Amino acid sequence: MSGASTAYSVVEATPRGKLIAGVVVVAYALVALIPLVWIFSTSFKSPPDSISYPPKVVFEPTLEGYVNLFTTRSRQTDEYIESLGPPETWYDELVRERNMVITGPSRFADRYWNSIVIGFGSTFLAVFLGTLTAYAFSRFKVPLKDDLLFFILSTRMMPPVAVAIPIFLMYRELGLSDTAAGMILLYTAVNLSLSVWLLKGFVDEIPREYEEAAVVDGYTRLQAFIKVVLPQMRAGIAATAIFCLIFAWNEYAFALLLTSGNAQTAPPFIPLIIGEGGLDWPAVAAGTTLFLLPVVIFTVMLRNQLLRGITFGAVRR
Amino acid sequence: MAEIQIRDVRKTFGDFVAVKGSSFTINDGEFFVMLGPSGCGKTTTLRIIAGLELPSSGQILLDGEDVTFNRGSERDIAFVFQLYALYPHMSVRRNISFPLRVQGAPRAEIRQQTEDVAKLLRIEHLLDRGVNGLAAGDRQRVALGRAIVRRAKAYLMDEPLGALDAEFRELMCEELRLLHNRINATTVYVTHDQIEAMSMADRICIMNLGEILQVGAPMEIYERPATKFVAGFVGSPAMNFLNAQGGIAPGAREIRINGAALGMPEAREGLDTQSAILGARPEHIQIADDGPLRGRVFAVEYMGARQLVTVDTDAGRLRVRAPNTTRVAYGEAVGLSFDPERVVVFNPDTDRALKSALYDGDARG
Ligand SMILES: Nc1ncnc2c1ncn2[C@@H]1O[C@H](COP(=O)(O)OP(=O)(O)OP(=O)(O)O)[C@@H](O)[C@H]1O
Ligand SMILES: [Mg+2]
């Protein structure tokens, strides 16, 4: 190959450039993934393995963490356990090896369900309201449009927790504390400004002629919006929905402050899973692993839309 | 099919007047072209006719019925947009059949009509493609197809050929005209290209700065322009304008340029301004040694059967279309004579053409 010169496109990387880029990306991915891999592996460790020092990289996997996550147990004497007869299920057996018996389900499933209802509920509301608002701001003559848009954005100029105390007092007065409706309302309010601003960008990108064409062809304005504008907003709606869901799903401070027995979500619950003698790390890790799943699945499902959406229309058309 | 009447339509955007009190009628089955430079209000007028924009004042009548406040969806008018506006999330077939699906036509009929239209426009092979990868010419056809697939009262087209290259444009012009001859639907076609307008129109409406200057058949507009702007906008090369002396009495048959007297069609009205503007088309001027006006040849462009000679005179530079048998060279002094029945005199203050024998019988002066 010596002496042979190869022409490269100016916009395409050279092979060496690609190699360097590849190494950097892989290295970064490794660093970023280590905590996740750690959590994932811890969820399959036994409690002693999880706190052994030096940490065990090779260990015997067990589902104990997951069993502990979903159950409450109590310690019993050997005689009592023997009097129960042979264990009925694999998880009974797992628990009995530690001289315990299952006394009932834990509250994890409830908390998880709360997270799903509140997370997806508020995401749906924020995107639904955001789409309508963004369309109106983009297409209609709204009095004080610029001021209103600025006002909507300004609600995000401080961290939401800064208003935690007023909201706490307000919610207590209104009876919204520790209710799913209250949390949905709160997360929707926080997400709405992001959703309006993101979506307005996407609506602005769609030429009005599409709707006008649909109108001269016999559609009403609403039909044109549903049949012509909405399909073209898919990418934007998907991207916005993911951002909203990630916020609502991961939100910790308000959940800790405003929810307890009834509407508590998973984030404040998981770190407090106590086992014997302190935190039950495998159970905490198992809870975290399961907690990550919906967002991952949702993102993977929408990833094609998302890639187009995150470039904010730059590569569309 | 319908007749469209536009009555005193005005449109303002804030302080800006986009359309200044237009009135004209588009006859049933006519191919009507709105011609004017960029920004003169053609699109705005068309959008008002389609119901996409409300006029600030005035009325739109469809077949005598006042539809000024009817929404676009209630007017039964098809519109081809300047940039096509094909729905990017639909295939060619779904784009074309869109208006039929909106009307809820039976499936078999939708299929049949869509395919007929595609055949007519020669895009059958593209029916199941998406619209994003299409070439400009094909997009154009899809946009046309979406318009003509249904029987609308009128078809409005906003510079539908604007994005095509010259050669293809000519072809599409011809096809559009043929299509019109075939379906004979009232068509309003907007363009800023005078050649396109002249070759396709039954009648042309010329606009400038939001104002309708003249409505008439292409020949009428070419031969009897109502204003100096119309005269200069239509025709290639444009009409020549020379500075002449004013003070023309009704009935006069002469106009003076720097002492030379030129014949003109008998004036039907007087002109009492100091000066006047004489308009003459390049083909209405001859190079003749005994011509009343003298000048010097500035350039000669050979164009096959004819040649275009540019001559500098004291009254201004002008271009003459001469047969190629005329032998002239750069710098040569020549005489020019004008076809006395064809020249036009303009009022230099108002730009209006002076009423003369040339305009006899015109409804509009
Ligand atoms: N919605 C609007 N708001 C403000 N001004 C407008 C609006 N629509 C059009 N105009 C102005 O009105 C004038 C006429 O516009 P119009 O689009 O009718 O011109 P046109 O003759 O179609 O020009 P072109 O050949 O460039 O398409 C332009 O100066 C334009 O800037
Ligand atoms: Mg236009």
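When ligands, DNA and RNA are left out and all protein chains stay put, how many square angstrom of accessible area per residue does segment B:228-346 have with a 1.4 Å probe?
Using a 1.4 Å probe on heavy atoms only, each residue of segment B:228-346 averages 47 Å².
For a 30 Å ceiling on Cα separation, which of these pairs sit above it: A:K18/A:K56; B:K20/B:K228; A:K227/B:K119; B:K20/B:K119?
A:K18/A:K56; B:K20/B:K119
Given the options A:V25, A:V67, A:V101, which has the most mean-square fluctuation in a GNM of chain A, springs set between C-alpha atoms less than 10 angstrom apart?
Greatest mean-square fluctuation among the candidates belongs to A:V25.
How large is the accessible surface of B:L161 in square angstrom, using a 1.4 angstrom probe and rounding to the nearest 10?
0 Å²
Per residue in segment A:215-257, which ones lose no less than 10 Å² of accessible surface when going from chain alone to all protein chains (1.4 Å probe)?
The answer is A:V215, A:V216, A:D217, A:G218, A:Y219, A:T220, A:K227, A:V228, A:P231, A:Q232 - residues whose exposure falls by at least 10 Å² when every protein chain is included.
Carbon-plus-sulfur fraction of the accessible area of segment B:179-241, 1.4 Å probe, in percent?
Carbon and sulfur atoms account for 52 percent of the accessible area of segment B:179-241.
Need one value for B:73-84: mean number of C-beta atoms belonging to other chains within 10 Å of its residues' C-beta atoms.
Mean inter-chain Cβ contacts per residue within 10 Å come to 4.
Roughly how many Å² is the accessible area per residue of segment B:165-211, as a whole number, for a 1.4 Å probe?
47 Å²
Round to a whole number: what % of the accessible area of segment B:63-106 belongs to carbon and sulfur, probe 1.4 Å?
Roughly 50 percent, rounded to a whole number.
Roll a 1.4 Å probe over the protein chains and send me the accessible area per residue for segment A:6-160 in Å².
Per-residue value: 68 Å².
If you count only protein heavy atoms and use a 1.4 Å probe, how large is the accessible surface of A:R303, to the nearest 10 Å²?
Roughly 130 Å² of A:R303 is accessible to a 1.4 Å probe.
Mind checking how much accessible area B and A bury in total, 1.4 Å probe, in Å² rounded to 100?
1600 Å²
Rounded, prolate or oblate: pick one for segment A:21-127, where a ≥ b ≥ c are the square roots of the eigenvalues of its C-alpha gyration tensor, a/c under 1.5 means rounded, and failing that, prolate if a/b is larger than b/c, else oblate.
Oblate is the answer for segment A:21-127, as a/c is 1.5 or above yet b/c matches or exceeds a/b.
Where the centre of each part is set by its Cα atoms, how far does segment B:290-365 sit from segment B:148-206, in angstrom?
32 Å
Which of the lysines could be linked to A:K141 by a straight reach, that is with a Cα gap under 22 Å, when you skip same-chain ones fewer than 8 residues away?
Cα-Cα hits under 22 Å: A:K200, B:K11.
Percent of accessible area on chain A owned by carbon and sulfur, 1.4 Å probe?
69 percent
For chain A, what class follows from the C-alpha gyration tensor (a ≥ b ≥ c being the square roots of its eigenvalues): rounded when a/c is under 1.5, otherwise prolate if a/b is larger than b/c, else oblate?
Oblate shape, in that a/c is at least 1.5 and b/c is the bigger or equal ratio.
For segment B:98-147, list whatever residues lose no less than 40 Å² of accessible surface once every protein chain is in place, relative to that chain by itself, with the probe at 1.4 Å.
B:F98, B:V102
Calculate for the protein assembly as shown the 222 nm mean residue ellipticity that helices alone would give, adding -39,500 (n - 2.57) per DSSP H run of length 4 or more and normalising by residue count, nearest 500 deg cm²/dmol.
It comes out at -13000 deg cm²/dmol, rounded to the nearest 500.
Over the heavy atoms of A:T259, what accessible area does a 1.4 Å probe trace out, to the nearest 10 Å²?
10 Å²
Using DSSP to define loop residues, name the chymotrypsin sites (Phe, Trp or Tyr not before Pro) in segment A:46-155 whose beta-carbon has at most 12 other beta-carbon atoms within 10 Å.
A:F140
With the cut-off at 1.5 for a/c, could you classify segment A:234-301 from its C-alpha gyration tensor as rounded, prolate or oblate?
Verdict is oblate for segment A:234-301.
For a label point 7 Å from the Cα of A:D146 along Cα→C-beta, name the residues of segment B:16-35 whose backbone N is under 19 Å from it.
B:16
Given +1 on the Cβ of Lys and Arg, -1 on the Cβ of Asp and Glu, and no further charges, what dipole in debye does segment B:4-223 carry about its Cα centre, rounded to the nearest 20?
880 debye
Check B:F298: other-chain or 5+ apart residues with amide H under 5 Å from its amide H, H built from backbone geometry?
Close amide H contacts, sequence-distant or interchain: B:T310, B:V311, B:D312, B:G331.
Of A:Y187, B:Y302, A:Y53, which has the most accessible area and how do the rest follow, probe 1.4 Å?
Accessible-area ranking of A:Y187, B:Y302, A:Y53, largest first: A:Y53, B:Y302, A:Y187.
The values are calculated or read from the model by the stated rules, or taken from the named source; none is laboratory data. These figures come from a predicted structure and were not determined experimentally. A quick note on method: Cβ atoms are made from the backbone with ideal geometry, for glycine too, and the neighbour counts reach across all protein chains shown. Remember, those area values only see protein heavy atoms, side chains included, never the ligands or the DNA or RNA. Shrake-Rupley method; radii C 1.70, N 1.55, O 1.52, S 1.80 Å.
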